[in-house]
1. Cβ contacts < 6 Å: first residue within 13 Å of residue 46 (Cβ to Cβ), restricted to the stretch 76-93; second residue assigned to a loop (DSSP other than H, G, I, E, B) and hydroxyl-bearing (Ser, Thr, Tyr), any location; separation 6+ or different chain. Result?
2. Can you name every one of the strands (runs of 3 or more DSSP E) wholly within the stretch 172-221 that holds 1 or more residues which are assigned by the TED database to the domain that holds residue 268 and under 29 Å from the mean Cα position of the chain (by Cα)?
3. Filter the stretch 84-97 down to the residues that are of a type outside the set (D, E, K, R), surrounded by 15 or more Cβ atoms within 10 Å (Cβ to Cβ) and in contact with a Lys or Arg (Cβ under 9 Å, 6 or more places away or on another chain), then identify the one that is nearest to residue 150 (Cα to Cα).
4. List the number of the failed condition for residue 277; all other conditions in (1) open to solvent by less than 10 Å² (accessible area, probe 1.4 Å); (2) outside any helix (DSSP H, G or I) hold.
5. Restrict the check to the stretch 203-212 and report whether at least one residue is more than 23 Å from residue 58 (Cα to Cα) and in contact (Cβ under 8 Å) with a residue 40 or more places away in the chain.
6. Scan the stretch 116-137 and report the pairs whose first residue is of a type in the set (Asp, Glu) and whose second residue is at pLDDT 95 or above and assigned to a strand (DSSP E or B), with Cβ atoms within less than 6 Å and a gap of 6+ or a chain change.
7. If I ask for residues that are β-branched (Val, Ile, Thr) and open to solvent by less than 80 Å² (accessible area, probe 1.4 Å), which ones from the stretch 504-535 would you list?
8. Identify, from the list 479, 540, the residue that is touching a Pro at 6+ places or on another chain (Cβ under 6 Å) and either open to solvent by 20 Å² or more (accessible area, probe 1.4 Å) or not small (Gly, Ala, Ser) (or both).
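The values are calculated or read from the model by the stated rules, or taken from the named source; none is laboratory data. Everything quoted here is computed from the prediction, not taken from an experiment. Please note: Cβ atoms are built from the backbone with ideal geometry, for glycine as well, and neighbour counts cover all protein chains shown. For accessibility, only protein heavy atoms count, side chains too; no ligands or nucleic acids. Shrake-Rupley method; radii C 1.70, N 1.55, O 1.52, S 1.80 Å.
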Amino acid sequence: MGPPRPASPAGAAVDATAGVRVKVSDRYVEIKNGIFELTLSNPDGIVTGVRYNGVDNLMEILNKEDNRGYWDLVWNPPGQKTGIFDVIKGTEFRIIYHDENQAEVSFTRNWDPSLEGKAVPLNIDKRFIVLRGSSGFYTYGIYEHKEGWPDFGLGETRVAFKLRKDKFHYMALADDRQRIMPMPDDRLPPRGQPLAYPEAVLLVDPINPDLRGEVDDKYQYSCEDQYNNVHGWMSFDPPIGFWQITPSDEFRTGGPLKQNLTSHVGPTTLAMFLSAHYAGDDLSPMFTNGEYWKKVHGPVFMYLNSSWDGSDPTMLWEDAKVQMMIEKESWPYSFALSEDFQKTEQRGCVSGRLLVRDRYIDDGDLYASGAYVGLALPGEAGSWQRECKGYQFWCRADVDGSFYIRNIVTGNYNLYAWVPGFIGDYKLDATLTIASVDENTYQPTTWQIKFNLDSVSPGSTYKFRVALASSARAELQVFFNDKDRGVPHFATGLIGRDNAIARHGIHGLYWLFNINVDSAWLVQGMNTIYLKQPRNQSPFQGLMYDYLRLEGPCDC
């Protein structure tokens with residue numbers, strides 16, 4: 001995951017090395033890691049509070065608890081055109097996993113026939129993840145419509161966060177799209193005058209007089225999904241950033257050009273997964289004849305950062321962009337525990353080269369430089385634009401038309417493309433079946449270190465030091481005496497690009513990891529440490545370890 005960027009202002013107690021703690025009561029689930037604290041309602045799974053950098057709650061405390069941070073959807077029963085807005089509240093809470101390095105919790109809401117016509121016919125599992133040393137939390141959802149269940153339409157689903165209006169006044173979507181924003185009060189009469197569309201309001205008498213005469217409309221801040229990776233808000237007192245990071249477009253509908261909402265006056269920040277915005281009903285999936293459907297939305301990351309000096313908001317924005325790149329490099333996340341979220345070793349890849357034939361330009365084939373090439377559910381040429389039930393995977397071709405699409409969820413797809421500057425859509429006639437990479441390519445590697453301990457000091461912390469001589473788009477996972485556990489005791493995430501192994505070098509860049517080892521992970525007698533390199537998309541992903549040392553607790 002890369003180095004954490006926790007808050008460290010004077011007076012704020014921060015311990016980036018603290019373990020993850022979970023506290024469950026009748027009404028709340030509290031998760032903290034020494035950097036921030038996340039509070040969720042029990043069993044609803046609504047984000048009621050985020051404590052960070054000395055601020056008790058970054059969520060809007062003036063709102064009711066179920067109107068702060070929530071998953072929602074809009075659905076239609078058969079024959080009903082008006083959508084039903086539904087804030088998704090769980091009915092059952094479970095701790096999926098918890099140790100000092102990670103907590104993943106689940107809030108589920110299951111459907112049964114007694115709810116027909118009253119609730120969307122979906123089983124919904126909302127997950128939240130907090131990692132040790134991470135300045136933020138992850139959330140993802142698994143939606144399932146079982147075979148034979150009632151028909152329905154799904155118009156929208158998303159995650160929304162409503163922040164404190166007394167603190168968050170500066171919004172950033174891109175390097176050239178950031179500014180001081182109006183207050184939500186400015187949109188209400190008499191300060192604001194509604195225009196033809198209800199979302200558009202003329203600021204007649206805004207609290208900030210510099211904004212008088214402007215029009216505020218949340219759709220002003222929309223952008224294409226291909227550029228919708230990080231956006232959010234900043235507070236100046238204290239200097240805090242609250243960012244929504246989407247590391248992959250695979251679970252969004254409509255392809256890379258689909259436009260969606262981002263952040264807007266509220267202060268509100270959104271993670272949009274499916275919507276009819278800029279498309280209409282073509283991108284509202286209809287589930288008919290009892291068809292089976294299951295999809296994972298996310299994970300997305302809510303990132304928190306801060307600075308000593310709040311005079312320059314671009315510092316927080318630049319840091320958020322760095323974190324966004326870290327998250328993208330770490331995709332697909334190894335720590336998300338739902339079996340429905342496929343990990344790297346379960347996914348596949350596609351590569352090739354695209355050429356363009358246009359006899360009005362050249363008698364020979366032309367390189368499809370910069371072409372958009374992607375996989376979506378089978379359909380007609382161009383159908384990816386209206387596809388709204390499955391996953392999509394896109395890349396841009398190199399200057400010679402070559403392309404490589406990685407981390408593809410298993411399933412059947414068509415290969416689609418279009419080339420900027422040329423009319424028309426391309427589709428490969430064949431249907432491509434993506435199978436698990438363990439079936440047809442490179443395998444993860446696991447080393448074993450066996451050693452004997454005469455005794456283990458109970459309740460103590462040992463230290464395992466690992467020095468790497470090289471890493472090339474690789475990951476080191478460490479397991480103590482249990483290689484089959486769902487989550488490694490330690491993982492570096494995706495690191496390194498030095499390519500020393502492929503270039504016959506004995507070292508690249510040096511990495512040192514100091515791992516705290518709970519005595520409960522060790523046993524008296526024979527022990528085994530498993531070092532796993534799980535990344536296996538090419539033969540050139542790997543690492544070299546240079547030095548290993550296990551230190552026991554001090555006897556003094």
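1. Close Cβ pairs satisfying both conditions: none exist.
2. Values: elements: 177-180, 192-194, 201-203.
Because the criterion is at least 1 residues that are assigned by the TED database to the domain that holds residue 268 and under 29 Å from the mean Cα position of the chain (by Cα), the strands (runs of 3 or more DSSP E) in the stretch 172-221 that meet it are 177-180.
3. Within the stretch 84-97, the first condition is being of a type outside the set (D, E, K, R), and the residues that meet it are 84-85, 87-88, 90-91, 93, 95-97.
After this cut, where a residue has to be surrounded by 15 or more Cβ atoms within 10 Å (Cβ to Cβ) as well, the list is 84, 88, 90, 93, 96-97.
Applying the additional criterion that residues be in contact with a Lys or Arg (Cβ under 9 Å, 6 or more places away or on another chain) yields 88, 90, 96.
Working: 88: 19, 90: 21, 96: 30 Å.
Per the criteria, the residue is 88.
4. Single failed check for residue 277: (1).
5. Keep residues of the stretch 203-212 that are more than 23 Å from residue 58 (Cα to Cα), which gives 203-206, 209-212.
From the residues that got through so far, the ones that are in contact (Cβ under 8 Å) with a residue 40 or more places away in the chain too are none.
No, that holds for no residue.
6. Listed pairs, sorted by first residue: 125/106; 125/108; 125/142.
7. Within the stretch 504-535, the first condition is being β-branched (Val, Ile, Thr), and the residues that meet it are 506, 515, 517, 523, 528-529.
Matches in the stretch 504-535: 515, 517, 523, 528, 529.
8. Numbers: 540 fails: touching a Pro at 6+ places or on another chain (Cβ under 6 Å).
Among 479, 540, only 479 is touching a Pro at 6+ places or on another chain (Cβ under 6 Å) and either open to solvent by 20 Å² or more (accessible area, probe 1.4 Å) or not small (Gly, Ala, Ser) (or both).
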